[in-house]
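Structure first, then comments.
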Amino acid sequence: MAKIATIAQYLTELERQRDNLAANLVTMGVSAAASEKLNTLVPKVLQIPQSGGTQPVKTILFDSDNRNNIYLQNGDTVSSIADFTMQYPDFCSEANGYALNYDPVLLGWDSQIFTCCTTPISITETSQIAMRFLSGSTEAGIMRLVQSDTGTAADILAKAQTEGSYTGLSMQWIYASDYVTTLTPCEVVQAGTYYLAWVGRSNNSHPLIKSIAVL
């Protein structure tokens, strides 16, 4: 029995190391997911950009420890994440690891919740948006960059929904049985300071967003 337990622990540790490798690859600007096998992830180490030994700057916009700058618009009402979770306690709770939960059971069928982060980000043509999530289907998503003089959630969300006032990025929700991390390039964006906005839909995709960062 001891031998079986040891093998089980060894396999668990391998899975943990695989997850860490996938996360580290994403941090270094390489597309990777924890659902990939080790023999797929390991060769990707060679894809890490060489930049004279310097690591890319990472700006965390959202994760379980960084939630206070997230704002949401449901209908005409703009709410901080604290106020939103008072109305919908299971939207971002300890039970789901403080992920953003766009579930139709909580929000009704096909609600489109414009969401933004009020943390300003410096964007260049080499920047990438790393988003880690679970999704119930594969479909096109909405992600936009906005410039705002005030940096308020109301202004960011209003501009994110006004043609000519935002730069749209090409992103997709990807169906998987485990969390995936996608990298959305910012090649079409003129260098400058921006704010990130996206739409979470409580439809078949009903994403569960675990983290967002700018690389």
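The values are calculated or read from the model by the stated rules, or taken from the named source; none is laboratory data. Everything quoted here is computed from the prediction, not taken from an experiment. With ideal geometry, Cβ positions are generated from the backbone for all residues, glycine too; neighbour counts draw on all protein chains shown. When the accessible area is computed, the model is the full protein with side chains, heavy atoms only, and any ligands, DNA or RNA have been set aside. Shrake-Rupley method; radii C 1.70, N 1.55, O 1.52, S 1.80 Å.
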Condition first: over 20 Å from Thr59 (Cα atoms), over 15 Å from the mean Cα position of the chain (by Cα) and surrounded by fewer than 16 Cβ atoms within 10 Å (Cβ to Cβ). Can you find one or more residues in the range 121-137 that meet it? yes
Could you grab the pairs with beta carbons closer than 8 Å, sequence gap of 6+ or different chains, first residue in the range 168-184 and more than 20 Å from Thr27 (Cβ to Cβ), second one open to solvent by 20 Å² or more (accessible area, probe 1.4 Å) and among the basic types (Lys, Arg)? Gly168/Arg144
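Looking at the range 61-87, which of its residues are closer than 25 Å to Glu139 by Cα and either of a type in the set (A, V, I, L, M) or surrounded by 15 or more Cβ atoms within 10 Å (Cβ to Cβ) (or both)? So that I can check it myself, show each step before the final result.
Restricting attention to the range 61-87, the residues satisfying the condition of being closer than 25 Å to Glu139 by Cα are 61-63, 70-75.
Across the range 61-87, the qualifying residues are Leu61, Phe62, Asp63, Ile70, Tyr71, Leu72, Gln73, Asn74.
Scan the range 9-24 and give yes if some residue there is touching a strand residue (DSSP E or B) at 6+ places or on another chain (Cβ under 9 Å), at pLDDT 75 or above, closer than 18 Å to Ser177 by Cα and in a loop (DSSP other than H, G, I, E, B), otherwise no.
The initial filter retains those residues of the range 9-24 that are touching a strand residue (DSSP E or B) at 6+ places or on another chain (Cβ under 9 Å), namely 22-23.
If we keep only those that are at pLDDT 75 or above as well, we get 22-23.
If we keep only those that are closer than 18 Å to Ser177 by Cα as well, we get 22-23.
Then keep just the ones that are in a loop (DSSP other than H, G, I, E, B); that gives none.
Checking the range 9-24: not a single residue is touching a strand residue (DSSP E or B) at 6+ places or on another chain (Cβ under 9 Å), at pLDDT 75 or above, closer than 18 Å to Ser177 by Cα and in a loop (DSSP other than H, G, I, E, B).
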As an exercise: evaluate Cys116 against (1) loosely packed, with under 13 Cβ neighbours inside 10 Å; (2) closer than 21 Å to Thr184 by Cβ; (3) within 19 Å of the chain's Cα centre (by Cα) and give the number of the one condition it does not meet. (1)
Kindly indicate the residue of the range 66-87 that is free of Cβ contacts under 8 Å to residues at least 12 places away in the same chain and not polar (S, T, N, Q) and also farthest from Asp103 (Cα to Cα) among those meeting that condition. Asp76
Restricting attention to the range 103-112, does a residue exist that is more than 19 Å from Ala213 (Cβ to Cβ), open to solvent by less than 30 Å² (accessible area, probe 1.4 Å) and aromatic (Phe, Trp, Tyr)? no
Residue, surrounded by the fewest Cβ atoms within 10 Å (Cβ to Cβ), within the range 152-184, restricted to residues that are under 14 Å from Thr119 (Cα atoms) and within 20 Å of the chain's Cα centre (by Cα): Leu157
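Kindly check whether there is at least one residue in the range 31-42 that is in a helix (DSSP H, G or I), open to solvent by less than 50 Å² (accessible area, probe 1.4 Å), at pLDDT 80 or above and over 23 Å from Thr152 (Cβ atoms).
Of all residues in the range 31-42, those in a helix (DSSP H, G or I) come to 38-42.
With the extra rule that they be open to solvent by less than 50 Å² (accessible area, probe 1.4 Å), the set shrinks to 41.
If we keep only those that are at pLDDT 80 or above as well, we get none.
Within the range 31-42, none of the residues are in a helix (DSSP H, G or I), open to solvent by less than 50 Å² (accessible area, probe 1.4 Å), at pLDDT 80 or above and over 23 Å from Thr152 (Cβ atoms).
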